[in-house]
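Down below is the structure, laid out as structure tokens.
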Amino acid sequence: MKIRFWGTRGSIPTPGQHTVRYGGNTACVEVRDDAGALLILDAGTGLRELGISLNGDGPMSIDMLLSHLHWDHIQGIPFFRPAYDARSELRVYGPKQARSIKDLLGLGMDDPFFPVDLDGLPIKLTVDDVRSRP
């Protein structure tokens, strides 16, 4: 298993000389098993860099777990390159809320906030609400 941290910062990205060692992006972790399956933990601004690193890898099958929906854990989604590849598939799992996770994720990408709606992404996207155990 291989793990790479693409983002470890809190509420806002903090680029600059003081974050060179550990990076300045918000939460995003890449996990790969021995077969190369990709699991992404959280979708902060580090997701953009992860997506750039995947460019050219062809169609992908990706699982993503969101710990919670604070902006610093989801703001990388609109900038994730594989989301614009219709040959790829992304399965997102997040904690159950009063509204569906898909609706809540879509809010930040709806017009006028972003030019491409969540439903307008070419990737084959499924979003599932995960209930916690009592």
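The values are calculated or read from the model by the stated rules, or taken from the named source; none is laboratory data. Keep in mind that this is a model prediction, so the values were computed, not measured. Here the Cβ positions follow ideal geometry from the backbone for every residue, glycine too, while neighbour counts run over all protein chains shown.
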Practice task
Could you list, in sequence order, all residues of segment 119-133 that are of a type in the set (A, V, I, L, M, F, W, C) and either in a loop (DSSP other than H, G, I, E, B) or modelled with pLDDT of 95 or more (or both)?
Solution key: L121, I123, L125, V127
Exercise for the section: Inspect segment 90-106 for any residue being surrounded by 13 or more Cβ atoms within 10 Å (Cβ to Cβ), aromatic (F, W, Y) and touching a helix residue (DSSP H, G or I) at 6+ places or on another chain (Cβ under 6 Å) and give the result as yes or no. Expected result: no
Exercise for the section: For segment 61-76, indicate whether the set of residues that are farther than 18 Å from V29 by Cα, in contact (Cβ under 8 Å) with a residue 12 or more places away in the chain and more than 13 Å from the chain's Cα centre (by Cα) is non-empty. Expected result: no
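Conditions tested, residue by residue: (1) assigned to a loop (DSSP other than H, G, I, E, B); (2) more than 23 Å from P115 (Cα to Cα); (3) of a type in the set (G, A, S).
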{"position": "W6", "(1), (2), (3)": "no, yes, no"}
{"position": "P15", "(1), (2), (3)": "yes, yes, no"}
{"position": "A43", "(1), (2), (3)": "yes, no, yes"}
{"position": "L47", "(1), (2), (3)": "no, no, no"}
{"position": "L50", "(1), (2), (3)": "no, no, no"}
{"position": "I62", "(1), (2), (3)": "no, yes, no"}
{"position": "P82", "(1), (2), (3)": "no, no, no"}
{"position": "R87", "(1), (2), (3)": "yes, no, no"}
{"position": "L104", "(1), (2), (3)": "no, no, no"}
